[in-house]
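Here is the structure we will look at, set down as structure tokens.
The values are calculated or read from the model by the stated rules, or taken from the named source; none is laboratory data. Predicted, not measured: the structure shown is a model, and the values here were computed from it. Here the Cβ positions follow ideal geometry from the backbone for every residue, glycine too, while neighbour counts run over all protein chains shown.
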Amino acid sequence: MAENDVVIGLEIHCQLTKLRTKLFCGCSSDYRDKEPNSNVCEVCLGHPGSLPKPNRKAVEFAVMAGLALNSAISEKTSFYRKNYFYVDMSKNFQISMYETAGMKTICEGGHMEINVGPQAKTIKITRIQLEEDPARLVHIGPIDLSPYTLVDYNRAGMALLEIVTEPDMSSPREARLFLQKLRSIMEHIGAYDGGLEGAMRCDANISIRGSERVEIKNISSFKEVEKALNFEISRQRSVIQKGGRITRETRHWDEIRKVTISLREKEEEHDYRYFPEPDIAPLILRQEFVERIRRQMPELPDARAERFIKDYAIPKYDAQVLTADKRLADFYEESVRLYGDAKTVSNWLMGDVLGELHSKGLELDEAKITPSTFVNMLNMIKGNEISGKIGKIILPELITSGKSALQIVDERGMRKVSDRGVLGGIAEEVFSENAKAVGDAMQDDNAVHYLIGQLMKKTNGKGDPKIVNEVVWDRVRKLRGGTAG
Ligand SMILES: [Zn+2]
């Protein structure tokens, strides 16, 4: 079966982590390290009589996201109650947005281009809406084996931006590329900090053409999306191959066992009995308001990639990779500012640094390397204190330890040996241990290169190649002169 019979649509929930407060109350948005159920008030717990008040900055971020994703910004939008009975929402409804007769969500339509290989592919956006985050449920081990569920309302009421795509993706990789670029856009507009755990979560609808679609709920991190989708495609193919039928259902991605498990039959929209939130007036987004935001829009990843190509003379592919993550793009620009040579910086960053991060399964912000420790290493190479080869050897430690290159080189005794006296002494050993090669070297330059290689080996690769070369040739020339005379 071909890859293109896979149909994937995403529903992304992105916390607006750069807001200071929750969506409808004054509770802090910085809930992560707090004691459970301490970061709450009557509004986010939904006590009777409490009044929610929309966060103006959240509305602005939603409009910015809409403009960045080429959506139409609705002139009038309102909040709805999405009714359901579940422990993660103590008031038994979630304040969200809804599309119904005459009423729209805050942004409608839109599209984003992702770079799949050399080709760009357009993924259509269905809608963008603001809603409140439910409480966090804590399970002991896998969800279906947990003896109990704990509930922490600290997260309840956090501003979420829900972004729904059309089912335009045809592989798990495309889904990952979409999410990566969305994350970069949300970081560039200043709404979201990608380093926070669980700040961007995703539900995925996935089907194999001709079969029912399955929803995978709450994939809690970026890195897990591709794994979850790959697992689900294999599972569905194997059901179909065995003559079974895919049932329409909601499944949960178990990050520990790396499998999806069935949770429940999928609800239909009418199960939620949406009705207008009576405590919040409709939002009227005037033209001037939207235009003011449009004028103040910061540089977005595509424009930044164009600028990188122009200003730093790097290939398009490099520029796209570097701007796919705002922290990587910032890291790059800061390093270029400190070091100067944009191409050397991008070569090291694109090749060695990203390669090492990838092999360790780390994101840049999980690593300890900084532009200054990185540039410090590049300067040691440029200043001939270490070779490029030693640079590559110490890079993994530079990435994980937070130590400076200088410190690592000294601790590991890897500083380049460029002292003629020291190298001359080692050369003497090499010459006495390789009498045959020394004999051959009287006529044969290849034998000289062999002796140079032996000397380098004795210095564990730390000999300054230029001086090692000179020391060996000096001795050989003297010996050749001696035999001639
Ligand atoms: Zn609150």
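Kindly indicate whether Ile452 is within 30 Å of Ile369 (Cβ to Cβ), assigned to a helix (DSSP H, G or I) and modelled with pLDDT of 90 or more. Spell out the reasoning first.
Values: within 30 Å of Ile369 (Cβ to Cβ): no; assigned to a helix (DSSP H, G or I): yes; modelled with pLDDT of 90 or more: yes.
Judged against the criteria, Ile452 is not a match.
Taking region 42-59 as the region of interest, how many residues are in contact with a Ser or Thr (Cβ under 7 Å, 6 or more places away or on another chain) and in contact (Cβ under 8 Å) with a residue 40 or more places away in the chain? If you could, list the steps in order and put the result at the bottom.
Our first condition is that a residue be in contact with a Ser or Thr (Cβ under 7 Å, 6 or more places away or on another chain); within region 42-59, this holds for 42-43, 45-46, 55.
In the following step, the residues that additionally are in contact (Cβ under 8 Å) with a residue 40 or more places away in the chain were identified as 43, 45-46, 55.
Number of matching residues: 4.
Here are some conditions: (1) closer than 25 Å to Val345 by Cα; (2) outside the structural domain of His358 (by TED's automatic domain parsing); (3) among the hydroxyl-bearing types (Ser, Thr, Tyr). Ser432 meets all but one. Which one does it not meet?
Failed condition: (1).
What pairs come out if I take residues in region 4-20 that are among the small types (Gly, Ala, Ser) and pair them with residues that are crowded, with 19+ Cβ neighbours inside 10 Å whose C-beta lies under 6 Å away, six or more apart or interchain?
Every condition considered, the pairs that remain are Gly9/Thr165.
How many residues are touching a Lys or Arg at 6+ places or on another chain (Cβ under 6 Å) and basic (Lys, Arg) if we restrict to region 112-168?
2
Report, by residue number, each residue of region 11-26 that is crowded, with 22+ Cβ neighbours inside 10 Å and within 13 Å of the ligand (Cβ to nearest atom). First the steps, then the outcome.
Initially, region 11-26 is screened for residues crowded, with 22+ Cβ neighbours inside 10 Å, giving 12, 14-16, 22-24.
Matches in region 11-26: Lys22, Leu23, Phe24.
Which members of region 29-41 meet the condition of being near the ligand (Cβ under 10 Å from one of its atoms) and free of Cβ contacts under 8 Å to residues at least 12 places away in the same chain?
None - no residue of region 29-41 is near the ligand (Cβ under 10 Å from one of its atoms) and free of Cβ contacts under 8 Å to residues at least 12 places away in the same chain, so the list stays empty.
Yes or no, residue by residue, for (1) loosely packed, with under 12 Cβ neighbours inside 10 Å; (2) touching an Asp or Glu at 6+ places or on another chain (Cβ under 6 Å); (3) outside any helix (DSSP H, G or I); (4) of a type outside the set (Lys, Arg):
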| position | (1), (2), (3), (4) |
| --- | --- |
| Asp279 | no, no, yes, yes |
| Pro298 | yes, no, yes, yes |
| Ile309 | no, no, no, yes |
| Asp318 | no, no, no, yes |
| Phe331 | no, no, no, yes |
| Glu334 | no, no, no, yes |
| Arg337 | no, no, no, no |
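Could you check how many residues of region 343-384 are in contact with a Ser or Thr (Cβ under 9 Å, 6 or more places away or on another chain) and of a type in the set (A, V, I, L, M, F, W, C)?
11
Restricting attention to region 125-163, which residues are within 16 Å of the ligand (Cβ to nearest atom) and of a type in the set (Lys, Arg)?
Residues satisfying the conditions are Arg136, Arg155.
From the list Ser211, Ser262, exactly one residue is assigned to a loop (DSSP other than H, G, I, E, B) and either buried (at least 20 other Cβ atoms within 10 Å of the Cβ) or free of Cβ contacts under 8 Å to residues at least 40 places away in the same chain (or both). Which is it? Before the answer, list the steps.
Values: Ser262 fails: assigned to a loop (DSSP other than H, G, I, E, B).
Among Ser211, Ser262, only Ser211 is assigned to a loop (DSSP other than H, G, I, E, B) and either buried (at least 20 other Cβ atoms within 10 Å of the Cβ) or free of Cβ contacts under 8 Å to residues at least 40 places away in the same chain (or both).
For residues in region 172-208 being over 22 Å from Ala319 (Cα atoms) and hydrophobic (A, V, I, L, M, F, W, C), which is surrounded by the fewest Cβ atoms within 10 Å (Cβ to Cβ)?
Of everything passing the filter in region 172-208, Leu196 is surrounded by the fewest Cβ atoms within 10 Å (Cβ to Cβ).
Between a first residue in region 301-322 that is modelled with pLDDT under 95 and a second residue that is not in a helix (DSSP H, G or I), which pairs have beta carbons less than 7 Å apart while being 6 or more apart in sequence or on different chains?
Filtered contacts from region 301-322: Gln320/Asn115.
Might you let me know whether region 380-387 holds any residue that is at pLDDT 95 or above, closer than 23 Å to Met414 by Cα and hydrophobic (A, V, I, L, M, F, W, C)?
Residues of region 380-387 that are at pLDDT 95 or above, as a first pass: none.
No, that holds for no residue.
I want to confirm something. Restricting to region 42-83 and keeping residues that are within 12 Å of the ligand (Cβ to nearest atom) and aliphatic (A, V, I, L, M), which single residue is farthest from Glu132 (Cα to Cα)? Walk me through how you get there before you give the answer.
Going through region 42-83, the residues within 12 Å of the ligand (Cβ to nearest atom) turn out to be 42-47, 50-53, 55.
Those left that are additionally aliphatic (A, V, I, L, M): 43, 45, 51.
Values: Val43: 11, Leu45: 11, Leu51: 14 Å.
It comes out as Leu51.
Given the condition of a type in the set (Val, Ile, Thr), surrounded by 14 or more Cβ atoms within 10 Å (Cβ to Cβ), on the phi < 0 side of the Ramachandran plot and assigned to a strand (DSSP E or B), answer yes or no: does some residue in region 223-244 qualify?
So in region 223-244, the residues of a type in the set (Val, Ile, Thr) come out as 225, 233, 239-240.
Then keep just the ones that are surrounded by 14 or more Cβ atoms within 10 Å (Cβ to Cβ); that gives 225, 233, 239-240.
From what's left, on the phi < 0 side of the Ramachandran plot: 225, 233, 239-240.
Filter once more, keeping what is assigned to a strand (DSSP E or B): none.
Within region 223-244, none of the residues are of a type in the set (Val, Ile, Thr), surrounded by 14 or more Cβ atoms within 10 Å (Cβ to Cβ), on the phi < 0 side of the Ramachandran plot and assigned to a strand (DSSP E or B).
List pairs: first in region 442-455 and assigned by TED's automatic domain parsing to the domain that holds Trp473, second crowded, with 18+ Cβ neighbours inside 10 Å and not in a helix (DSSP H, G or I), Cβ under 7 Å, 6+ apart or cross-chain?
Taking only residues 6 or more apart or on different chains, the pairs are Ala447/Ala441; Val448/Ala441; Leu451/Ala441; Leu455/Gly463.
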